[in-house]
Structures are given as C-alpha cells and as structure tokens.
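First up is the structure itself, then whatever we jot down about it.
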Amino acid sequence: MFEVSTLSLNIHLTFEDCSLNNYIMYYINGMALVSSFLFARVVYGTILSINVWRELANSAVPISAFAANTIRLANLVLMGLSYYWFSVVIMTAKRNALDADLIRALEDMDNKDIKAE
C-alpha cells in the first residue's frame, strides 16, 4: 500500500526526462503524486503505525523487549522518512506551481479552447 505513489512518481520522472514539463498532464500527474503520497504514506501509514504500537503494547503473544523495541524503532524511522519526503514533495510541488510554466500551460490550454470554438 505504501508504494501506490511510486506509479505517479515514475510517470512524473518520465515527463521530466522527456522535457515535457510544460504540458498540463505533467501538472495533473504532480497533483496525483502529492495526493497519493499523502493518503498512502502519511495518512494510512500513520494509522498503521498507531495499530502496530497498540498491538505491541497489548499483544497476547509474549514478545521480547528487544524485538518490540526493534519494531518500534523501524516504524519510527519509516514514518519519519515518510514525513520528511512528503515535505520535500510539497516544497517541489510549490516550486513547480509557482513556476511560469504552469501559467503558460494554462494559457495555452485556454487559447486552444478558444481556437477550437
């Protein structure tokens, strides 16, 4: 479930490699990337983390302190990385959204609609 955003990320990187940054699909895919990352890794990941911590605290099966603490540490690292990368994704999206290319792409789309009429 955590890797749902990888599909949008790969498409986004392909757009960048092919210099297709000026197309509206690039920005639509960017919005899909941000939303899938938010819901899959941040929201759903946090819910899963809470469940893991509760399960470790209320486990009916005895588990060693070393194993429980290793699981907790791994979970903290994973969620910390998810929050960090989400902040990087947001900063990148803001930079791209403020870029003149977005305005130009929207203007081009409007001009094509006007010419089609």
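The values are calculated or read from the model by the stated rules, or taken from the named source; none is laboratory data. Every value quoted in this text rests on a predicted model; they were computed, and no experiment measured them. With ideal geometry, Cβ positions are generated from the backbone for all residues, glycine too; neighbour counts draw on all protein chains shown. Just so you know, the surface numbers come from the protein's heavy atoms only, side chains and all, with ligands and any DNA or RNA stripped out. Shrake-Rupley method; radii C 1.70, N 1.55, O 1.52, S 1.80 Å.
So here's what we get for this one:
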{"item": "Under the Karplus curve 6.51 cos²θ - 1.76 cosθ + 1.60, θ = phi - 60°, whole-Hz ³J(HN,Hα) for the range 49-54, x wherever Gly or Pro sits", "result": "4, 4, 5, 5, 5, 5"}
{"item": "³J(HN,Hα), Karplus 6.51/-1.76/1.60, whole Hz, each residue of the range 68-74, x for Gly, Pro", "result": "5, 5, 5, 5, 4, 5, 4"}
{"item": "The range 1-48, accessible surface, carbon-and-sulfur percent (1.4 angstrom probe)", "result": "72 percent"}
{"item": "Label-to-label distance, nm, for residues given as A60 and V77 (7 Å Cα→Cβ offset)", "result": "3.2 nm"}
{"item": "Calculated from backbone phi, Karplus (6.51, -1.76, 1.60) coupling profile of the range 26-34 in Hz, x at Gly/Pro", "result": "4, 6, 5, 5, x, 5, 5, 4, 5"}
